[in-house]
Amino acid sequence: MNRLKLFFKRIWILTIFSIISIFLFIASVNYNPYNLFGDMPSLQDLEKPESELSSELYSSDNKLLGKYFRYNRSPIEFNDLSEKLITTLLVTEDIRYYEHSGIDLKGLVRASYGVFKNVLTFGTSGLEGGGSTITQQLAKNLFKIRRENKGKLSNVPFLGLVISKVKEWIVSIKLEEFYTKKEILAMYLNTAEYGSNSYGIKVASKTYFNKLPSELNYNESSIIVGLLNKPTKYNPYFNPENALKKRAEIFYNLYKYEIINKIVYDSLKNSGLGLTYKVENQNAGQATYFRTVVRNYLISWAKENNYDLFSDGLKIYTTINSQMQAHAEKAVSDQMSRLQKIFDDHWDGKNPWIDEKGFEIKDFLKNSIKRTRYYKSLMKNNDNDSLLVFSLLNKKKKMKVFSWEGEVDTLFSTMDSLKYYKNFLQAGFISIEPKTGYIRSWVGGINHKFFKYDHVKQGRRQPGSTIKPIVYAAAIDNGYSPCYPVVDAPVVFELPGQDPPYWRPDNHNGKWSGETMTLRRAMAKSVNSITAFITKKVSPSTVVDYAKKLGIQSKLDPVPAVCLGAGGDVSLFDLVGAYSTFINKGIWTEPFFISRIEDKYGNLIQEFIPTKKEALSEETAFLMLHMLKGAKEEEGGTARGLNPELTINNDIGAKTGTTQNASDGWFIGVTHNLVSGAWVGGDDRSIHFRNWVLGQGARTAMPIWQQYMMEVYADNNLNIDKGKFDEPIKKINVEIDCSVYNNEIKSDSLDIIIDKIDASDIY
């Protein structure tokens with residue numbers, strides 16, 4: 001009897017000791033003394049659980065343009081979830097979800113019994129189902145996301161697993177205290193991984209079915225729920241057979257728990273997967289080049305402001321209008337595909353890289369590949385053995401290549417690929433609202449997946465004749481009139497100490513007409529000699545100064561050739577910004593693309609205001625608009641080919657540009673509410689049409705601008721109206737009616753002109 005009492009006493013002591021030990025262990029895990037067990041989430045962590053959220057980029061009309069992320073995740077609320085999705089989740093993962101408080105004791109007993117039985121039967125009985133609740137799985141997801149410090153004991157075999165499980169229990173109970181059941185369900189679906197670079201239910205729904213979570217049916221819900229624990233094994237795109245088996249299990253659960261009847265069950269079993277699979281990436285969607293430019297800016301901004309662009313869930317609102325962007329992308333695509341056919345026919349299978357004399361450049365491809373990082377990397381990894389490297393570069397392999405008819409599967413070597421892509425013409429396009437500086441559309445190239453280089457801001461090329469309005473702006477701001485008459489005659493700049501010691505620019509046809517024409521007509525016809533004459537009068541350094549005033553950021557050399565665009569390379573971004581100054585009454589407004597940035601809670605972090613400065617007088621700006629209109633209105637104007645429909649009740653100013661050998665084609669168009677510009681050319685300056693007629697800006701770049709404007713005006717949703725240029729507030733003191741101007745000068749006008757031209761101006 002005494003022995004029995006002693007036995008029970010020991011049992012009670014052991015039980016009490018075990019209970020106390022368990023509570024002490026749980027408390028220790030919770031409070032983590034000496035960092036033995038690792039961090040636990042704080043109360044603040046649970047109130048606002050941290051997870052890596054995608055930062056989102058929005059257009060001005062609130063369309064999602066793209067995301068920046070390490071893990072593609074966009075959270076949503078419970079009310080945005082399909083009822084069928086919730087039901088499917090519960091019958092699959094946690095049927096007693098609304099009956100427990102984070103830990104399902106019944107489920108634990110069932111799972112423990114299953115494990116025990118499976119061990120006794122040497123794995124033949126199978127498991128009886130898992131014991132983890134949805135709340136526990138959420139806790140696990142949060143720990144995974146937080147990447148917490150695991151503690152000194154966490155790596156001890158078996159003990160580490162016990163610690164991890166206890167942490168889940170503790171966090172689960174706390175989560176049930178802080179959140180409603182609905183909130184926990186939403187958090188779980190938001191924090192889960194679904195494979196294919198999709199994190200969170202919103203991204204998963206779009207990736208696999210191009211739907212919102214609120215639109216998911218039983219079939220779609222079953223496939224997505226099947227991904228929760230094994231996103232690779234049950235991926236419906238890569239492993240459809242596994243996905244179908246898992247889906248069948250879930251359908252059976254829906255039927256077992258009487259959510260669906262036998263007819264629906266049989267129908268679902270025999271249905272297809274119904275995928276609309278598309279992984280979000282930086283090469284898909286709208287404004288791909290623009291998104292990359294913005295990303296590079298935002299990385300610096302985030303660093304300066306202590307944010308992580310790729311995990312903090314920022315909301316970035318841009319000035320881009322999604323509809324105008326669509327019109328711009330279509331215009332570039334339509335016109336460049338058309339132009340590429342002309343270019344290919346023009347060269348008829350011959351290589352388009354030629355020197356100044358029209359001969360194919362020797363070893364062009366070989367020298368081009370040597371400038372790439374890929375070549376330099378191969379050389380470094382192969383002991384600078386050029387023969388070996390070139391053998392690798394000429395080894396053929398399967399690849400997809402770009403074509404205007406769609407991607408093509410082919411067998412190419414790296415050198416084959418380089419040659420293939422060098423035959424493509426490239427383009428850039430940008431459209432700015434001049435009075436605000438808002439950039440409304442941005443197309444940096446013909447296809448971002450295959451051609452990463454941005455030709456709007458990153459690319460810089462000689463501007464050709466598009467620099468001429470800056471020359472004339474300098475002249476008009478210094479007292480010259482649009483009606484000022486000049487003879488089309490050779491002009492010489494003396495260059496002491498150089499060989500030859502002078503520079504004499506030719507007109508594009510190599511001739512001088514001897515015609516007397518106004519500055520307006522000279523700019524409209526893009527007459528080089530008269531532009532040179534004006535440059536000599538005001539000085540090349542003055543031209544450079546005015547270029548800087550008008551926002552040209554590139555370095556320009558104050559040489560005579562600057563007047564024809566040969567003084568340095570310029571970006572399309574800067575040029576269009578400069579022309580916007582004419583519309584904005586002489587005020588240069590920095591073109592900008594971000595209006596505001598908010599945090600993930602919608603709190604305003606920063607609002608952006610563009611830099612403004614006075615660059616020209618209001619009078620000069622208005623006179624330059626009058627000058628630019630000449631391209632369409634003056635006889636022989638370079639923009640006379642524009643569709644007449646564009647000028648009905650509408651003022652248009654324009655300037656074409658074509659560089660030497662027709663390497664670059666430019667067009668800048670100005671209306672009262674939009675200034676837009678296009679550039680077209682090869683990857684290298686040596687790649688171009690063989691004649692000026694085909695390669696001029698009016699043939700290559702102008703059609704892009706024209707199509708864009710026609711479509712913008714036709715789009716009733718945009719409310720972009722035609723209109724006249726604003727009149728200056730003050731009356732201008734310069735006569736722009738050249739017939740009146742000419743009557744005011746002496747009858748012997750020729751003498752007047754010769755008097756104004758120094759002897760040194762005439763060659």
A careful count of residues in the range 288-317 that are surrounded by 15 or more Cβ atoms within 10 Å (Cβ to Cβ) and either among the small types (Gly, Ala, Ser) or part of a loop (DSSP other than H, G, I, E, B) (or both) gives 8
If we ask which residues in the range 504-539 are closer than 16 Å to residue 565 by Cβ and free of Cβ contacts under 8 Å to residues at least 24 places away in the same chain, their number turns out to be 2
Restricting the range 644-665 to residues that are under 32 Å from the mean Cα position of the chain (by Cα) and of a type in the set (Ser, Thr, Tyr), the one surrounded by the fewest Cβ atoms within 10 Å (Cβ to Cβ) turns out to be 663
Answer with yes or no whether residue 573 is outside any strand (DSSP E or B), in contact with a Lys or Arg (Cβ under 6 Å, 6 or more places away or on another chain) and buried (at least 20 other Cβ atoms within 10 Å of the Cβ).
-> yes
Would you pick out the residues in the range 353-404 that are touching a Leu at 6+ places or on another chain (Cβ under 9 Å), assigned to a loop (DSSP other than H, G, I, E, B) and over 14 Å from residue 417 (Cα atoms)?
-> 382
When residues of the range 462-486 are filtered for being in a strand (DSSP E or B) and surrounded by fewer than 23 Cβ atoms within 10 Å (Cβ to Cβ), how many remain?
-> 1
List every residue pair whose Cβ atoms sit under 7 Å apart, with the two residues 6 or more apart in sequence or on different chains, where the first one lies in the range 339-366 and is without any contact (Cβ under 8 Å) to a residue 40 or more places away in the chain and the second, anywhere, is among the aliphatic types (A, V, I, L, M) and not in a loop (DSSP other than H, G, I, E, B).
-> 360/354
Among the candidates 220, 168, single out the residue that is touching a helix residue (DSSP H, G or I) at 6+ places or on another chain (Cβ under 6 Å), more than 19 Å from residue 137 (Cβ to Cβ) and surrounded by 20 or more Cβ atoms within 10 Å (Cβ to Cβ).
-> 220
Would you check if residue 489 is more than 20 Å from residue 697 (Cβ to Cβ) and among the small types (Gly, Ala, Ser)?
-> yes
Any residue at all in the range 294-313 that is in contact with a Gly (Cβ under 6 Å, 6 or more places away or on another chain) and in contact (Cβ under 8 Å) with a residue 40 or more places away in the chain?
-> no
If you scan the range 168-183, which residues turn out to be within 42 Å of the chain's Cα centre (by Cα) and part of a helix (DSSP H, G or I)?
-> 168, 171, 172, 174, 175, 176, 178, 181, 182, 183
Of the residues in the range 577-627, those that are farther than 20 Å from residue 542 by Cα, surrounded by 18 or more Cβ atoms within 10 Å (Cβ to Cβ) and among the aliphatic types (A, V, I, L, M) number 4
Among the numbered conditions (1) closer than 21 Å to residue 519 by Cα; (2) at pLDDT 95 or above, tell me where residue 552 comes up short.
-> (1)
Filter the range 646-656 for residues that are touching a helix residue (DSSP H, G or I) at 6+ places or on another chain (Cβ under 8 Å) and modelled with pLDDT of 95 or more; the one that is nearest to residue 707 (Cα to Cα) is 646
Out of all the residues in the range 60-72, is one or more at pLDDT 90 or above, surrounded by fewer than 19 Cβ atoms within 10 Å (Cβ to Cβ) and assigned to a strand (DSSP E or B)?
-> yes
For residue 389, all conditions in the list (1) surrounded by 11 or more Cβ atoms within 10 Å (Cβ to Cβ); (2) closer than 28 Å to residue 679 by Cβ hold save one; what is the number of the exception?
-> (2)
Would you confirm whether any residue within the range 283-304 is over 22 Å from the mean Cα position of the chain (by Cα) and farther than 30 Å from residue 232 by Cβ?
-> no
If residue 501 satisfies every condition in (1) over 27 Å from residue 692 (Cβ atoms); (2) touching a residue at least 12 places away in the same chain (Cβ under 8 Å); (3) surrounded by fewer than 17 Cβ atoms within 10 Å (Cβ to Cβ) but one, which is the exception?
-> (2)
Tell me, please, whether a residue that is of a type in the set (Phe, Trp, Tyr) and either in a helix (DSSP H, G or I) or touching a Cys at 6+ places or on another chain (Cβ under 7 Å) (or both) can be found in the range 542-549.
-> yes
Go through 85, 108, 46 for me and flag whichever is assigned by TED's automatic domain parsing to the domain that holds residue 218, at pLDDT below 90 and not in a loop (DSSP other than H, G, I, E, B).
-> 46
Residue satisfying condition, being within 26 Å of residue 553 (Cα to Cα), surrounded by 19 or more Cβ atoms within 10 Å (Cβ to Cβ) and either touching a residue at least 24 places away in the same chain (Cβ under 8 Å) or in contact with a strand residue (DSSP E or B) (Cβ under 7 Å, 6 or more places away or on another chain) (or both), within set 491, 443 | 443
Could you tell me whether the range 322-338 includes any residue that is touching a residue at least 24 places away in the same chain (Cβ under 8 Å), under 27 Å from residue 605 (Cα atoms) and loosely packed, with under 14 Cβ neighbours inside 10 Å?
-> no
Qualifying positions in the range 249-277 - loosely packed, with under 13 Cβ neighbours inside 10 Å and of a type in the set (Lys, Arg) = 256, 262
Would you please name the residue that is nearest to residue 463 (Cα to Cα), looking only at residues in the range 413-444 that are in a loop (DSSP other than H, G, I, E, B) and of a type in the set (Ser, Thr, Tyr)?
-> 436
Candidates 274, 285, 195, filtered to the one that is in contact (Cβ under 8 Å) with a residue 24 or more places away in the chain, in the same structural domain as residue 86 (by TED's automatic domain parsing) and not in a helix (DSSP H, G or I) | 195
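Residues are listed down the side, and each one gets a yes or a no for (1) more than 22 Å from residue 443 (Cα to Cα); (2) modelled with pLDDT of 95 or more; (3) charged (D, E, K, R); (4) in the same structural domain as residue 463 (by TED's automatic domain parsing):
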| site | (1), (2), (3), (4) |
| --- | --- |
| 639 | yes, no, no, yes |
| 664 | no, yes, yes, yes |
| 674 | no, yes, no, yes |
| 686 | yes, yes, no, yes |
| 689 | yes, yes, no, yes |
| 700 | no, yes, no, yes |
| 704 | no, yes, no, yes |
| 710 | no, yes, no, yes |
| 729 | yes, no, no, yes |
When residues of the range 573-586 are filtered for being under 18 Å from residue 726 (Cβ atoms) and in contact with a Ser or Thr (Cβ under 7 Å, 6 or more places away or on another chain), how many remain?
-> 2
Go through (1) under 16 Å from residue 87 (Cα atoms); (2) of a type outside the set (Gly, Ala, Ser); (3) crowded, with 19+ Cβ neighbours inside 10 Å and name the single condition residue 235 misses.
-> (1)
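The values are calculated or read from the model by the stated rules, or taken from the named source; none is laboratory data. Everything numeric in this text was worked out from a predicted model, so none of it was measured. Heads up, the Cβs are rebuilt from the backbone with ideal geometry, glycines too, and the neighbour counts pull from every protein chain shown.
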